[in-house]
Amino acid sequence: MNDTNLALLEKNRDILSIRDLATGTIATYTSYLTDYINWVEENLPGRSLSDVTWEEIRSYEKYLKDVRKLNPRTINVFISQLRDFYNYVLHKDWDRREVPLLRFDEKLPVVPTQEEVISIINAIDNPKHKAEIALLYLSSSQPASCLWPASVQQGC
């Protein structure tokens, strides 16, 4: 890494510490930026970071997605860190339309069926623990009369 880019990386570390981010977060963001700088130096030799075009930044995004096969959420953190770097360190405006964030699927939590919950509650031998778990289950937003089956009542 050349001296100019090292100075920019250090300035970015200073800004991250001013933002009062955790040490681990600063280390992660710095590693993401180091990865980007290394990519620029390797793929765009002689180009300063402030002269990298939107198309070239999108190429880096494709590299993260297709070559490194990173998760879309991770790529979005890379891109967000680049946006902050361009805004705070290079003082260049970032156009979100030029470098879009990736779409990612949100997985819904798996909710056990009433039969699965009943079997879990009935598998508990300790009456205190059984009552605690049953109470947690019954404290949901549904009316208790709909949730409290006769098979659990008999087992308590």
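The values are calculated or read from the model by the stated rules, or taken from the named source; none is laboratory data. Predicted model, so just to flag it, every value in this text is computed and none were measured. Here Cβ is always computed from backbone atoms with ideal geometry, including for glycine, and neighbour counts include all displayed protein chains.
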Quiz item: Looking only at residues in region 89-133 that are loosely packed, with under 12 Cβ neighbours inside 10 Å and hydrophobic (A, V, I, L, M, F, W, C), which one is farthest from Leu8 (Cα to Cα)?
Solution: Ala123
Quiz item: Given the conditions (1) hydroxyl-bearing (Ser, Thr, Tyr); (2) surrounded by fewer than 16 Cβ atoms within 10 Å (Cβ to Cβ); (3) within 25 Å of Ile15 (Cα to Cα), and given that Tyr86 satisfies all but one, which numbered condition is not satisfied?
Solution: (2)
Exercise. Return the only residue of Leu102, Leu64, Leu82, Leu70 being outside any helix (DSSP H, G or I), closer than 30 Å to Leu49 by Cα and modelled with pLDDT of 90 or more.
Key: Leu70
Self-check item: Candidate set: region 41-58, residues that are hydroxyl-bearing (Ser, Thr, Tyr) and assigned to a loop (DSSP other than H, G, I, E, B); chosen: the one surrounded by the fewest Cβ atoms within 10 Å (Cβ to Cβ)
Solution: Thr53
Self-check item: Tally, over region 105-156, of residues that are modelled with pLDDT of 80 or more and farther than 30 Å from Val77 by Cα
Solution: 26
Quiz item: Which numbered condition trips up Tyr36, out of (1) modelled with pLDDT under 95; (2) assigned to a helix (DSSP H, G or I)?
Solution: (1)
